[in-house]
């Protein structure tokens, strides 16, 4: 079903319009670990097995816990999977923004990652 979903360009990649937003994998109030870590990992695996080819996350979801879950769940990543990470970089230098993106990528070890700053 998702194969037929319209797609769009994300950087140099073509991704399905329907992706997976990982924010709710964290614990209460989007902080800390989930109540059931194994269930959170099953959700991520099921999303990818169901045809999701991009996951949206951020450095502050679960204070890094969501990135750890993404790191663990689908690895090794399917070739078509793109991870999109937002980093909080207001009022910082370009180097600080690049460092935040590098840190985000290292925590997730993606095959393909698009890091957006605001």
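Read-outs: derived from the displayed coordinates by stated rules, not from any lab. Predicted model, so just to flag it, every value in this text is computed and none were measured. Virtual Cβ from ideal backbone geometry, glycine too; neighbours counted across all protein chains shown.
Descriptive notes on the structure:
- Cα shape, region 9-94, gyration tensor, a/c 1.5 rule: oblate
- If R0 is 22 Å, the Cβ-Cβ spacing of residue 8 and residue 95 corresponds to a FRET efficiency of close to 0.15.
- Protection proxy ranking of 64-75, 11-22, by the mean of other Cβ atoms within 10 Å over each peptide's residues and highest first, is 64-75, 11-22.
- Nitroxide proxy distance, nm - points 7 Å out along Cα→Cβ at residue 75 and residue 37: 1.4
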